[in-house]
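Encoded as structure tokens, the structure appears first; notes follow it.
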Amino acid sequence: MSKIYREILFDLDGTLIDPKEGITKCIQFALANMGVDAPSSDHLSWCIGPSLKESFRKLLPSPSEADLETALAHYRKRYAEQGMYEHFVYPDIEQMLSQLKKDGYRLFVATAKPEVFAVKILKAFHLSSYFEKIYGAELDGTRSDKAKLLEYIIENSSLKKPSLMIGDRRFDIEAALQNQIDPLGVTYGYGSQNELQQAGALHLCDSPMEIYSWITT
């Protein structure tokens with residue numbers, strides 16, 4: 001017997017696509033332009049998930065709000081020109097989305113990434129057609145908080161309870177719980193099993209097709 005969810009929200013980075021190369025190179029570019037020595041790509045993996053502004057707040061020495069905005073501008077310059085295409089889609093993501101759509105589920109993207117970038121990325125990787133709507137933050141930071149983003153989606157897409165949020169970091173799990181949405185964690189992204197379990201994930205899946213099997217059985 002399949003579960004009673006009909007509306008499913010997906011995080012983007014670390015859930016549908018692996019964004020490590022693009023995100024970390026853009027952070028390194030921004031830090032270099034701010035005169036700050038940049039950590040290696042592997043030492044920037046923790047930045048995948050939280051809002052960029054909060055990541056730069058930790059990476060820059062005693063930054064002012066103006067410093068944070070300047071760093072974001074450097075990041076977005078490279079990201080818009082190159083970084084958004086330095087990603088890859090996780091194996092079997094398209095098959096999973098195709099099957100869920102055929103089965104009649106309403107699918108959405110809920111990402112803290114600016115919506116304008118999320119739409120371009122999903123179109124570039126031929127995934128946008130699977131989603132009823134792609135939701136993200138505004139460039140000014142509005143809705144970069146995941147809980148507020150989910151609240152906005154509930155109001156604007158008439159989500160019915162219970163619905164499901166799928167993500168790879170605690171921010172996804174915690175935001176879902178704050179909005180009475182069931183949280184499903186994925187372990188192939190950038191959050192650890194322990195992180196997801198402590199945040200309160202209802203279940204953990206190790207692959208996209210395991211997501212499909214769990215939802216539909």
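The values are calculated or read from the model by the stated rules, or taken from the named source; none is laboratory data. What you see is a predicted model; the values in this text were computed from it and never measured. Neighbour counts run over all protein chains shown; Cβ positions are idealised from the backbone, glycine included.
Quick check on my filter: what residues within the stretch 180-195 are within 14 Å of TYR90 (Cβ to Cβ) and free of Cβ contacts under 8 Å to residues at least 40 places away in the same chain?
THR187
Select the helices (runs of 4 or more DSSP H) contained entirely in the stretch 1-106, then report the ones holding at least 3 residues which are surrounded by 19 or more Cβ atoms within 10 Å (Cβ to Cβ) and not assigned by TED's automatic domain parsing to the domain that holds ARG170.
Details: elements: 20-33, 52-59, 65-81, 93-102.
Those helices (runs of 4 or more DSSP H) span 20-33, 52-59, 65-81.
Among the residues of the stretch 158-179, are any free of Cβ contacts under 8 Å to residues at least 40 places away in the same chain, within 19 Å of LEU97 (Cα to Cα) and either within 18 Å of the chain's Cα centre (by Cα) or outside any helix (DSSP H, G or I) (or both)?
no
Tell me which residues, restricted to the stretch 134-152, are under 18 Å from LEU52 (Cα atoms) and assigned to a strand (DSSP E or B).
Of everything in the stretch 134-152, those that are under 18 Å from LEU52 (Cα atoms) and assigned to a strand (DSSP E or B) turn out to be TYR135, GLY136, ALA137.
For the stretch 109-133, which residues satisfy the criterion of being in a strand (DSSP E or B) and surrounded by fewer than 20 Cβ atoms within 10 Å (Cβ to Cβ)?
At the first step, the residues of the stretch 109-133 found to be in a strand (DSSP E or B) are 109-114, 133.
Answer for the stretch 109-133, where residues must be in a strand (DSSP E or B) and surrounded by fewer than 20 Cβ atoms within 10 Å (Cβ to Cβ): just LYS133.
Working only within the stretch 187-215, note down all residues that are within 28 Å of GLU155 (Cβ to Cβ) and either touching a Ser or Thr at 6+ places or on another chain (Cβ under 6 Å) or surrounded by fewer than 19 Cβ atoms within 10 Å (Cβ to Cβ) (or both).
Once the filter is applied, which keeps residues that are within 28 Å of GLU155 (Cβ to Cβ) and either touching a Ser or Thr at 6+ places or on another chain (Cβ under 6 Å) or surrounded by fewer than 19 Cβ atoms within 10 Å (Cβ to Cβ) (or both), the stretch 187-215 yields GLY189, GLY200, LEU202, HIS203, TRP214.
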